[in-house]
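To start, the structure under review is shown below, and the notes come after it.
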Amino acid sequence: MLLLTLAIAALALLLSWDFMRKRQRVATFKRSKISGPLSLPILGNGLQALSLGADNIIDWVGESFRIYGKTFRMWILGESLVYTKDLKHFEAILGSTTLLEKGQLYKYLRPFLNDGLLVSVGKKWHARRKVFTTAFHFNVLEHYVCIMDRHSAVMVQQLREVADGETAVDMLRFVSLAALDVITEAAMGVQVNAQSDPKFPYVQALKSVVNIQSDRMFKFSQRFDWLFSRTCPVLHCKLLGDIRIMHDFTDKVIRERRATVEQARADGSYRPLSLGDPEVGRKAQMALLDILLQATIDGHPLSDADIREEVDTFMFEGDDTTSSGVSHALYSISRHPQVQERIHTELVQVLGNDRSTPVTQSKLQELKYLECVIKETMRLYPPVPAVGRYTTKELQIGAQTIPANTSIYLVLYFAHREAEYFPDPLAFKPERFLNAVSEDRETFAYLPFSAGPKNCIGQKFAMLEMKALISKVLRYYELLPLGSDVKPMMNFILRSPCGINVGLKPRKP
Ligand code: HEM
């Protein structure tokens, strides 16, 4: 009897504590007419979340938009989440210079990115963002294009083995290794040769960390660190081990590069980076790392730990995103023969018939139709399907208020598929981006690189890389519509559980 009384008292206490902590947010949602699935006391929608994972969350979010409108809320225990595809919300949130804190899901990036540019805020973020602008200067990009060209040439060689015109090839397998080679050399100035040695420990560790952490976002039993280490001790150990491998590698590269720079300073051969230097883009070791090693913030150089978090951020941001974009573009092209023919004609016109001539930045910029194809691909398959922010105080948007302490996810994937802005939204039509009318379209309707102060700093790099890789593949191979169709799956990056498949047939030289 005593036990029962204690249990009832404990439950009553728990219920009132839960009521109190959610009270204000519940009231704000009600007042703003932001509804969502029925939420239970304490658990919120936790039980429903048990059945959600990377493979079905897109369908669930789409269905919820249909039922609850352009903005809906959800509760996971005490966490409040808002999903929106309303452009008014996009504009208010991304246009804000103060709302820069990321949504709760970004906490899964912190163990390996620490406080790098993507997740940092305030003075630190602002100062670092200024430093990075140098890394994407026009002259420096020219050097990156050489790296892209070299590694895309390796990729077309690797594809020879599977290019028999009959085999369905998951392009992500090939593209992601090529993109990793590109970003490692661009970020750190070293070659890991992931394409010829996919078992290189750093390459395997990066892939494993990204997979484990993306999976955890949706699995209730793994969502909280304290629960994850208890429910999945083996996976938890693997995660820590892989993060150590990544950090040890980055630390070693930074130490070695710093020593080389210091040696050069000592013997007088050191030439600091200057964007006015006509040779800047052609320097053999012009990696992001060099820019970070030379940078000072408030008169102080960056420490090894500062540099590591930024290099790791670039490795994460620069690999999977571009791979997803390139693979989905190749997939879409394979399913649209007329589009493929038009790109090929443009490639021959701009780049000529000699496939061994390296591409340059200005040549890639001339590929206007290919650019439209990439834009249309990222409309239907945005590599980053949603971006998140976290409100530290109430946010008024028109008649609606988003409560404080709430994660808000702007679901680009669905915003890009709104018929209001993109007539016949599910059709793949690169021409949408050709004519002047498309430029007048509401800015916030199309945001593959996000917008506002925390938009993608690597977007010019990404566009050049996607063009370099896609153009190389199409100059060597005709793409065929083989293999199963993609099934969009949302984690940090858009993927497809059944692969991103095409067939390849060698073109005559
Ligand atoms: C198709 C390729 C890419 C896409 C679609 C993409 C998309 C995005 C998006 C949507 C964001 C904003 C995220 C947010 O607001 O939460 C972002 C941020 C960022 N991206 Fe990219 N990205 C791509 C490639 C790259 C590349 C190649 C690099 C580096 C070389 C890069 C570096 C970054 C960094 C450092 C940030 C954080 C910026 C900040 O917070 O100030 N991205 N990217």
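The values are calculated or read from the model by the stated rules, or taken from the named source; none is laboratory data. Since we're looking at a predicted model, the values are computed, not measured. Please note: Cβ atoms are built from the backbone with ideal geometry, for glycine as well, and neighbour counts cover all protein chains shown. Protein only, heavy atoms only, side chains kept; ligands, DNA and RNA dropped before computing areas. Shrake-Rupley method; radii C 1.70, N 1.55, O 1.52, S 1.80 Å.
Just how far, in whole angstrom, is region 461-486 from region 150-203 if you go by their alpha carbon centroids? Comparing the Cα centres of region 150-203 and region 461-486, I get a distance of 13 Å.
Per-atom-type breakdown for region 81-161 gives carbon and sulfur 55% of the accessible area (1.4 Å probe, protein chains only).
Computed over protein heavy atoms with a 1.4 Å probe, the carbon and sulfur contribution to the accessible area of region 338-425 reaches 49%. Cα centroids of region 7-78 and region 338-398: 37 Å apart.
A protection proxy built from the mean count of other Cβ atoms within 10 Å ranks the segments 287-299, 75-87, most packed first, as 75-87, 287-299. When a/c is below 1.5 the answer is rounded, else prolate if a/b is larger than b/c, else oblate, so apply that to region 347-435 with a ≥ b ≥ c taken from the square roots of the Cα gyration tensor eigenvalues. Since a/c reaches 1.5 and a/b is larger than b/c, the shape of region 347-435 is classed as prolate. For region 405-490, the spherically averaged projection of the C-alpha convex hull amounts to 8.6 nm². Amide hydrogen proximity for residue 386: with H placed 1.01 Å from N in the peptide plane, the residues at 5 or more positions away or on another chain lying under 5 Å are 412. Residues whose amide H comes within less than 5 Å of that of residue 401, counting only those at least five positions distant or on another chain, are 32 (H built at 1.01 Å from N in the peptide plane).
Relative to its residue count, region 146-260 spans a Cα convex hull of 131 Å³ per residue. Projecting the alpha carbon convex hull of region 1-132 along each direction and taking the average yields 11.8 nm².
Taking the accessible area of region 466-509, probe 1.4 Å, and keeping the other protein chains in place, the carbon and sulfur fraction comes to 58%. In the chain, taking the dipole from charged Cβ atoms about the Cα centre, the farthest positive-side position among 208, 126, 228 is held by 228.
In summary, the chain shows an alpha-carbon radius of gyration equal to 1.03 times the 2.2 N^0.38 Å reference for compact globular proteins. The order of 306, 485, 242 by accessible area, most exposed first and with a 1.4 Å probe, is 485, 306, 242.
Taking every protein chain into account, the accessible area of region 71-206 amounts to 37 square angstrom per residue (probe 1.4 Å). Can you tell me how region 34-78 classifies by the Cα gyration tensor, rounded, prolate or oblate, using a/c under 1.5 as the rounded cut? Taking the square roots of the gyration eigenvalues as a ≥ b ≥ c, region 34-78 is oblate.
Of the residues 463, 408, 419, the one whose Cα sits farthest toward the positive end of the charge dipole of region 382-465, with +1 on the Cβ of Lys and Arg and -1 on the Cβ of Asp and Glu, is 408. Taking other residues whose beta carbon is less than 13 angstrom from the beta carbon of residue 16, and scoring Lys, Arg as +1 and Asp, Glu as -1, yields +2. So what is the relative contact order for the chain, in percent, with contacts set as C-alpha pairs under 8 Å and at least six apart? Over the chain, the number comes to 25 percent.
Just so you know, the averaged projected area of the alpha carbon convex hull for region 358-509 sits at 11.7 nm².
Farthest towards the positive end of the charge dipole of the chain, among the residues 365, 39, 192, is the Cα of 39, using unit charges on the Cβ of Lys, Arg, Asp and Glu. Less than 5 angstrom separates the built amide H of residue 79 from none of the residues sequence-distant by 5 or more or on a different chain.
For region 364-407, what is the accessible area per residue in Å² when the probe is 1.4 Å?
Per-residue accessible area for region 364-407 comes out at 32 Å².
Checking the cross-link pairs 124/454; 30/393; 33/88; 472/508; 102/252 against a 21 Å limit on the alpha carbon distance flags 102/252 as lying beyond it.
When +1 charges are put on Lys and Arg Cβ atoms and -1 charges on Asp and Glu Cβ atoms, the dipole computed for the chain relative to its Cα centre reaches about 1220 debye. If a/c stays under 1.5 just call it rounded; otherwise compare a/b with b/c (prolate if a/b is bigger, oblate if not). Do that for region 79-201, with a ≥ b ≥ c from the square roots of the Cα gyration tensor eigenvalues. Taking the square roots of the gyration eigenvalues as a ≥ b ≥ c, region 79-201 is prolate. Each stretch of four or more DSSP H residues adds -39500 (n - 2.57); spread over every residue of the chain, this sum gives -17500 deg cm²/dmol at 222 nm.
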